[in-house]
Amino acid sequence: MTETFDLVIRNARVVGEDRDVAGGLAVREGRIAAFFEGGTAPEATETIDAAGRVLMPGLVDGHVHFSEPGRGHWEGFETGSRAAAAGGITTFVEMPLNAHPPTIHAEALRLKQAEAAKSIVDYALWGGLVDDNLADLEDLQAGGVAGFKAFMCTASDFPRVDARLMRAGMTTIAGFGSFLAVHAEDEVMTGRLAAALRAAGRRDRAAWGESRPIAAELSAIDEAIGLAEETGARLHIVHVSSAAGIDRISAAKARGVAVTAETCPHYLFFDETDLERLGPVAKCAPPLRAPSEREALWDRVLAGAVDVIASDHSPCLWSEKAAGEDDIFAAWGGISGLQSTLPVLLTEGPRRGLSLPDIVRMTASNPARLFGLHPRKGSLAIGSDADLVLVDPEASFTLREDDLFYRNRHSAYCGSAFRGRVDLTISRGTAVYRDGDILPHRGARLDGAGLGRVRQPLGETA
Ligand SMILES: [Zn+2]
């Protein structure tokens, strides 16, 4: 039998979480069908010469906000998925808040799924746990959500959960075999500090960071871990901004708690002096930390203590950023970063000793595991979906607003210089982004319903 491949990518540096070899791979019917080493390559309908560039699994971004239905003027699945493709992201998991309605009941999920069908790359959807939807969780699970998200502090129009509700929600969610992700900042501490700062007339940029100290993050992480320990539910702490936060999670893992840690590129690239310099466009929660704290977080990344790196792409209108020019509390909090994850890690990682397989592990393989999508996603293995990204790690560029595919072309990253550019993104064997152009494609929805199985701790490869 003669084998015909649809696509061969040759002359590449092929990098997976435990692979870094010169050679290439072949694709048939949207899946990885063969690997080869060195300069030889089999025949195929289409052959791409990678010219020595790096070929990696497409990223699985577990934390994006596309704001549809209801706030498509902030982002939307069409623009958001295009930006994902331009950033080398071939699977995203979209958060249940910032849309109207938030994804907290079956009808809202149905509306979300209808909007999400516009995506050009594959995707899954989060469900929300809020203060009054315990009775809706089962419908959301049956509807295919890939996990549940809750806020421990106040978020605009996404009611926070207290410990009692979190305990009840975690117990229910654990029963599905699913997991809970939390935004961990202490409600009482942040609320009191913000009120005191405002009462003292503070509106300046530094006041934002002072209102949300690391202590507030640690207090909430401790509470969430305690509840996970008590209920046996699997817990994921999103956007951890501090080394001490990662350390609390590592300590809990060591005593057997099923908890995972996520951080974001902005905590590894920026620090509080950038909020001072850039203003509201760099406002996020938790806030950017001190330069020494950023380096301590890098130490945890290099030590393997961070499971997942996700963008937390959280867009808005420019006017909602500009509103905070004279009052940082009035600005929308969130950084548009979907296209910057790989450039940040390729720029800042190698000079600190981060390897390319480590980048793959945290941005593709581990997030795929978190959502039960591995090894179909986030993996270079025979039979895995041919979701691939070709990057030139040596290419230097300065990010410009014109480079952005976001509906609102602003980002804290604009004006920054990067080394490491996405040249080609492939979804299930089909190019969706090439050298600045988006190519038509239809993404598939990846439902999480019925997974229900115990997963290996992240970092331990099966
Ligand atoms: Zn978020």
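Quick note: the coordinates plus some simple rules give every number you see, no bench work behind them. This is a predicted model, so every value here is computed, not measured. Don't worry about glycine lacking a Cβ; one is built from the backbone with ideal geometry, like all the others, and counts go over all protein chains shown.
When region 59-105 is limited to residues that are in a strand (DSSP E or B) and of a type in the set (A, V, I, L, M), the one that is nearest to the ligand (Cβ to nearest atom) turns out to be Val64.
Scanning region 283-314 for residues that are in a helix (DSSP H, G or I) and either without any contact (Cβ under 8 Å) to a residue 60 or more places away in the chain or more than 17 Å from the chain's Cα centre (by Cα) (or both) yields Pro291, Ser292, Glu293, Arg294, Glu295, Ala296, Leu297, Trp298, Asp299, Arg300, Leu302. Considering only residues in region 224-234 that are touching a helix residue (DSSP H, G or I) at 6+ places or on another chain (Cβ under 6 Å) and either within 16 Å of the ligand (Cβ to nearest atom) or assigned to a helix (DSSP H, G or I) (or both), the one that is farthest from Ile173 (Cα to Cα) turns out to be Ile225. Checking region 358-369 against the condition returns no match, with no residue being free of Cβ contacts under 8 Å to residues at least 60 places away in the same chain, closer than 30 Å to His73 by Cα and in a helix (DSSP H, G or I). All of (1) crowded, with 23+ Cβ neighbours inside 10 Å; (2) closer than 15 Å to Leu346 by Cβ hold for Leu373 with one exception: (2). Ala290 falls short of the stated requirement of being more than 22 Å from Ser340 (Cα to Cα) and away from the ligand (no atom under 16 Å from the Cβ). For region 304-330, a residue qualifies if it is within 16 Å of the ligand (Cβ to nearest atom) and either under 29 Å from Val259 (Cβ atoms) or not charged (D, E, K, R) (or both), and the qualifying residues are Val308, Ile309, Ala310, Ser311, Asp312, His313, Ser314, Pro315, Cys316. Selection over region 182-209 of residues that are part of a helix (DSSP H, G or I) and crowded, with 16+ Cβ neighbours inside 10 Å gives a count of 10. Scanning region 14-27 for residues that are without any contact (Cβ under 8 Å) to a residue 60 or more places away in the chain and either out of contact with any Lys or Arg (no Cβ under 8 Å at 6 or more places or on another chain) or of a type outside the set (A, V, I, L, M, F, W, C) (or both) yields Gly23, Gly24, Ala26. Among the residues here, Val54 does not qualify as more than 16 Å from the ligand (Cβ to nearest atom), within 27 Å of the chain's Cα centre (by Cα), farther than 30 Å from Ser336 by Cβ and among the β-branched types (Val, Ile, Thr). Candidates Leu111, Leu140, Leu165: the one that is without any contact (Cβ under 8 Å) to a residue 40 or more places away in the chain, more than 16 Å from the ligand (Cβ to nearest atom), surrounded by fewer than 24 Cβ atoms within 10 Å (Cβ to Cβ) and farther than 22 Å from Val432 by Cβ is Leu165. Pairs meeting the criteria (first residue in region 66-89 and in contact (Cβ under 8 Å) with a residue 24 or more places away in the chain, second residue among the acidic types (Asp, Glu) and part of a loop (DSSP other than H, G, I, E, B), beta carbons under 7 Å, at least 6 apart or on different chains) are Phe66/Glu75; Ser67/Glu75; Gly76/Glu68; Phe77/Glu68. None of Thr341, Thr273 is of a type in the set (Val, Ile, Thr) and surrounded by fewer than 19 Cβ atoms within 10 Å (Cβ to Cβ) except Thr273.
Going through (1) in contact with an Asp or Glu (Cβ under 7 Å, 6 or more places away or on another chain); (2) at negative phi; (3) within 16 Å of the ligand (Cβ to nearest atom); (4) not acidic (Asp, Glu) one by one, His239 falls short only on (2).
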